[in-house]
Amino acid sequence: DDPSFNMSCADCMGVPNGTALIDECGECLPLSSSNFNQSCADCLGIPNGSAVIDDCGECLETTDPNFNGSCLDCLGVVNGSAVIDECGECLDINDPLFNNTCIENIFIPNVFSPNDVFPNNSFQLFKHLGSDAMILSYSIYNRWGELVYQAVDFEFEESDKWWNGAGEPAAVYVYYIQVGFPSGDVEPYIGDITLVK
């Protein structure tokens, strides 16, 4: 009737000569149990460890430099959709500027009248301020395909190079213009321009 009878050799479950032990998590379990040392294990399986699943789904210590970093976009947003575009800019793929910040926009009017009123007194192209684009070739043809004006290798600011329609009748003319950009790209522009007098 002694309460200690058969207990001096009992394991933590009270089984004489049993194999259950108090694990590192404070649980009494047989050594063969799959839960042994697991009830307090972190996501790496380390008892009382501090690794957790981060916002990217990775199991890492919170002090790991990659914690919440493996799924960051280029703006540093977890699971964000920003990427480096073809222009080298970090932008969301839905941003209207995506792949457009390095594209030179050239404005080409479709009519001009040589009446000495700037800027519509010559057939002039316009570019973004600060752009280093230049005109490589600038050719104007009449409706019979005859070359009526040509200039090469000039800056947008050289007003004396633009065609002013002198000596030509009011009509629709065809232009073929090549613009060179700082990137080395050459863009051709083909269209028609109406000379009004």
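The values are calculated or read from the model by the stated rules, or taken from the named source; none is laboratory data. This structure is a prediction, so every number in the text was calculated from the model and none was measured. FYI the Cβ positions are ideal-geometry reconstructions off the backbone, even for glycines, and counts take in every protein chain you see. To get the accessible areas, we keep the full protein, side chains included, count just its heavy atoms, and leave off ligands, DNA and RNA. Shrake-Rupley method; radii C 1.70, N 1.55, O 1.52, S 1.80 Å.
Okay, here's what the table says:
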| item | result |
| --- | --- |
| Selection count where residues are out of contact with any strand residue (DSSP E or B) (no Cβ under 9 Å at 6 or more places or on another chain) and under 25 Å from Asp185 (Cα atoms), scope the range 134-159 | 2 |
| Qualifying residue in the range 146-164 (condition: of a type in the set (Gly, Ala, Ser) and either under 30 Å from Gly80 (Cα atoms) or touching a residue at least 40 places away in the same chain (Cβ under 8 Å) (or both)) | no |
| Given (1) closer than 30 Å to Asn79 by Cα; (2) loosely packed, with under 13 Cβ neighbours inside 10 Å, number of the condition Pro3 does not satisfy | (1) |
| Scan of the range 131-141 for residues that are farther than 13 Å from Ile193 by Cα and open to solvent by 60 Å² or more (accessible area, probe 1.4 Å), ordered by number | Asp132 |
| Members of the range 11-28 found to be touching a residue at least 12 places away in the same chain (Cβ under 8 Å), within 14 Å of Asn48 (Cβ to Cβ) and either outside any loop (DSSP other than H, G, I, E, B) or of a type outside the set (Asp, Glu) (or both), listed by number | Cys25, Gly26 |
| Hits in the range 142-170 (condition: open to solvent by 80 Å² or more (accessible area, probe 1.4 Å) and of a type in the set (S, T, N, Q)) | Gln150, Ser159 |
| Top-ranked residue in the range 171-184 [being open to solvent by 70 Å² or more (accessible area, probe 1.4 Å) and free of Cβ contacts under 8 Å to residues at least 40 places away in the same chain; ranked as farthest from Phe112 (Cα to Cα)] | Tyr176 |
| All positions within the range 46-92 that are exposed (fewer than 14 other Cβ atoms within 10 Å of the Cβ), at positive phi and modelled with pLDDT of 85 or more | Asn48, Gly57, Asn79 |
| The lone exception for Phe107 - which of (1) of a type outside the set (Gly, Ala, Ser); (2) farther than 27 Å from Tyr175 by Cα; (3) loosely packed, with under 13 Cβ neighbours inside 10 Å it fails | (2) |
